[in-house]
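K.L.:
After the structure tokens below, expect a handful of questions from me.
The values are calculated or read from the model by the stated rules, or taken from the named source; none is laboratory data. Remember, it's a predicted structure, so these values are computed and weren't measured experimentally. Cβ: placed from backbone, ideal geometry, glycine included. Neighbour counts: every protein chain shown. When the accessible area is computed, the model is the full protein with side chains, heavy atoms only, and any ligands, DNA or RNA have been set aside. Shrake-Rupley method; radii C 1.70, N 1.55, O 1.52, S 1.80 Å.
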Amino acid sequence: MRDLIKLALVKEVSIVNHIYEYLIPDYIYIPITSKPTTKLPKYVYKNTYFDEYISSVSGKIIGTSKVILKQKYYPAIKIKNDYKENIEVKNKKKKIKNIEELINILDANHLSDISNKLKIAVQNIVISSIDEEIYTVKEFMILSNYYNEILDTMEFLKKLYNIDNSLLVTKNTNAKSIKNVRSILGTYPSIKLSLIPDKYLIGYPKFLCEYLNIDSNHTLVLTTSEIYNIYEILKGKIISETFITISGTNLEKSKVIKVKLGTSLKEILDKEFNLIDREYDLYINGILQGYQVKNIEEVIITKDTNMIVINKKINKVEEECTNCGACYKICPVHINVLHCYLNKLSSKNCLSCGLCNYICPSNLKLKEVVKGDK
């Protein structure tokens with residue numbers, strides 16, 4: 001196994017060991033990423049799709065706004081929640097007989113990121129509760145609170161693929177989830193629990209398979225949030241909610257929270273959190289792998305949002321490179337980071353893990369060049 005490291009974390013960031021809910025937003029926002037082919041309706045039913053984005057509430061369209069998605073700006077329609085949860089067509093529970101039917105129903109629910117993973121020749125199934133970013137425990141908390149649902153769905157997938165064994169993976173530091181899973185694991189004799197060390201990036205599918213000594217090309221690796229979404233689909237539900245971690249040094253309390261898709265981050269913070277300082281640094285999907293945004297008004301929660309980090313503002317000044325070589329030594333795929341940075345070259349091998357930025361004593365924004373943001 002390659003040499004991965006344990007990152008030092010700020011002790012003042014502690015996350016409450018409970019999943020909170022914010023499921024009654026006043027407004028939701030639906031990005032419009034392509035030109036509408038028909039006129040937008042005045043009233044929107046819950047679970048109505050606009051391209052890949054869903055209305056998680058019912059209500060009237062009252063205007064437009066601008067939102068940021070993956071560092072790009074898009075127009076969005078603003079819907080005022082009428083709190084009625086009106087649904088035009090109810091989704092029916094379907095009995096899935098084979099993996100192709102499951103793939104089709106996932107695609108129909110705009111979950112191609114999951115369905116694409118199911119299309120390989122599967123010999124092993126690994127369900128991971130490893131959170132890739134620091135200061136997030138979303139995957140771990142889903143396992144701790146929904147372990148029955150996770151194990152049931154693992155058993156279902158195992159039967160679809162006709163596989164004898166499957167693995168549930170968690171960090172050896174996750175005492176709560178370990179205790180909960182072990183309490184019922186005896187009723188699932190073909191599912192094994194594997195405890196792995198708390199090291200950064202060990203949950204990355206290729207590295208995880210490497211640690212487990214199994215073939216990554218024929219191993220289906222899903223996170224607990226992905227397997228939980230499959231569980232919801234099998235029960236006939238539409239995925240209009242998601243789990244995110246909101247943490248950071250500028251919060252009195254960090255939480256994992258279940259929210260409606262399309263909810264404004266500002267509304268969530270105003271209703272559920274207390275900020276310590278008015279000025280702060282805001283990151284979407286982590287300080288290592290994610291990206292920084294300046295205007296909180298433009299941030300909404302989508303299915304691609306895993307976490308929000310709100311840190312006390314720190315002004316880091318970029319200094320001249322000392323040619324220390326730390327970025328090359330820490331890179332898990334051994335990219336010559338400095339060469340790429342100096343020559344403004346991106347690398348197709350970059351994992352966007354952020355370790356080069358993390359280790360650089362000169363505060364250079366190495367990742368932004370190596371992964372091709374510039």
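K.L.:
Please indicate, with yes or no, whether at least one residue in segment 255-267 is surrounded by fewer than 20 Cβ atoms within 10 Å (Cβ to Cβ), modelled with pLDDT of 95 or more and among the acidic types (Asp, Glu).
P.N.:
Yes, the conditions are met somewhere in segment 255-267.
K.L.:
Which of the residues belonging to segment 90-137 are among the charged types (D, E, K, R), surrounded by 13 or more Cβ atoms within 10 Å (Cβ to Cβ) and over 12 Å from Ile230 (Cα atoms)?
P.N.:
Selection gives Lys94, Glu101, Lys117, Asp131, Glu132, Glu133.
K.L.:
What are the residues in segment 98-114 that are part of a helix (DSSP H, G or I) and either of a type in the set (Ser, Thr, Tyr) or within 23 Å of Thr305 (Cα to Cα) (or both), if any? Let's see the steps before the verdict.
P.N.:
Applying the first criterion (part of a helix (DSSP H, G or I)) to segment 98-114 yields 99-108, 112-114.
Passing the criteria: Ile103, Ile105, Leu106, Asp107, Ala108, Ser112, Asp113, Ile114.
K.L.:
Would you confirm whether any residue within segment 176-190 is touching a residue at least 60 places away in the same chain (Cβ under 8 Å) and within 22 Å of the chain's Cα centre (by Cα)?
P.N.:
Yes, segment 176-190 has at least one match.
K.L.:
Run down Gly59, Gly63 and say which single residue is small (Gly, Ala, Ser), in contact with an Asp or Glu (Cβ under 8 Å, 6 or more places away or on another chain) and either surrounded by 18 or more Cβ atoms within 10 Å (Cβ to Cβ) or touching a residue at least 12 places away in the same chain (Cβ under 8 Å) (or both).
P.N.:
Gly59
K.L.:
Within segment 206-225, how many residues turn out to be in contact (Cβ under 8 Å) with a residue 12 or more places away in the chain and in contact with an Asp or Glu (Cβ under 8 Å, 6 or more places away or on another chain)?
P.N.:
Summing the residues that are in contact (Cβ under 8 Å) with a residue 12 or more places away in the chain and in contact with an Asp or Glu (Cβ under 8 Å, 6 or more places away or on another chain) in segment 206-225 gives 4.
K.L.:
Inside segment 52-97, can you point out the residues that are assigned to a loop (DSSP other than H, G, I, E, B), at pLDDT 95 or above and among the polar types (S, T, N, Q)?
P.N.:
Ser55, Ser56, Ser58, Asn86
To keep it simple, each residue is scored yes or no on (1) open to solvent by less than 40 Å² (accessible area, probe 1.4 Å); (2) closer than 20 Å to Val256 by Cα; (3) β-branched (Val, Ile, Thr); (4) assigned to a strand (DSSP E or B).
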site	(1), (2), (3), (4)
Asp277	no, no, no, no
Gln289	no, yes, no, no
Asp304	no, yes, no, no
Ile310	yes, yes, yes, yes
Asn315	no, no, no, no
Glu318	no, no, no, no
Asn323	no, no, no, no
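K.L.:
Right, next: Considering every residue within segment 138-147, establish whether at least one is among the β-branched types (Val, Ile, Thr) and open to solvent by 60 Å² or more (accessible area, probe 1.4 Å).
P.N.:
Residues of segment 138-147 that are among the β-branched types (Val, Ile, Thr), as a first pass: 142.
If we keep only those that are open to solvent by 60 Å² or more (accessible area, probe 1.4 Å) as well, we get none.
No, that holds for no residue.
K.L.:
Step by step: first the residues of segment 1-41, then only those that are surrounded by fewer than 12 Cβ atoms within 10 Å (Cβ to Cβ), among the basic types (Lys, Arg) and over 24 Å from the mean Cα position of the chain (by Cα), then the one that is modelled with the lowest pLDDT. Which residue is that?
P.N.:
Lys35
K.L.:
State yes or no: is Ile191 within 24 Å of Ile96 (Cβ to Cβ) and open to solvent by less than 20 Å² (accessible area, probe 1.4 Å)?
P.N.:
Taking the combined requirement at face value, the residue satisfies it.
K.L.:
Right, here's the next one. Name the residues in segment 363-374 that are open to solvent by less than 20 Å² (accessible area, probe 1.4 Å) and over 14 Å from Glu318 (Cβ atoms), would you?
P.N.:
Scanning segment 363-374 gives a single hit, Val370.
K.L.:
Only residues that are among the acidic types (Asp, Glu) and surrounded by 13 or more Cβ atoms within 10 Å (Cβ to Cβ): list them for segment 44-56, please. Even if it seems obvious, please write down each step before you answer.
P.N.:
So the first thing to find is which residues in segment 44-56 are among the acidic types (Asp, Glu), and the list is 51-52.
Result: Glu52, single match.
K.L.:
Among the residues of segment 204-214, is any under 30 Å from Lys312 (Cα atoms), among the charged types (D, E, K, R) and open to solvent by 30 Å² or more (accessible area, probe 1.4 Å)?
P.N.:
Looking through segment 204-214, none of the residues is under 30 Å from Lys312 (Cα atoms), among the charged types (D, E, K, R) and open to solvent by 30 Å² or more (accessible area, probe 1.4 Å).
K.L.:
Go through segment 337-362 and report how many residues are in a loop (DSSP other than H, G, I, E, B), within 18 Å of Glu320 (Cα to Cα) and either of a type in the set (Ser, Thr, Tyr) or open to solvent by less than 50 Å² (accessible area, probe 1.4 Å) (or both).
P.N.:
Qualifying residue count, segment 337-362: 2.
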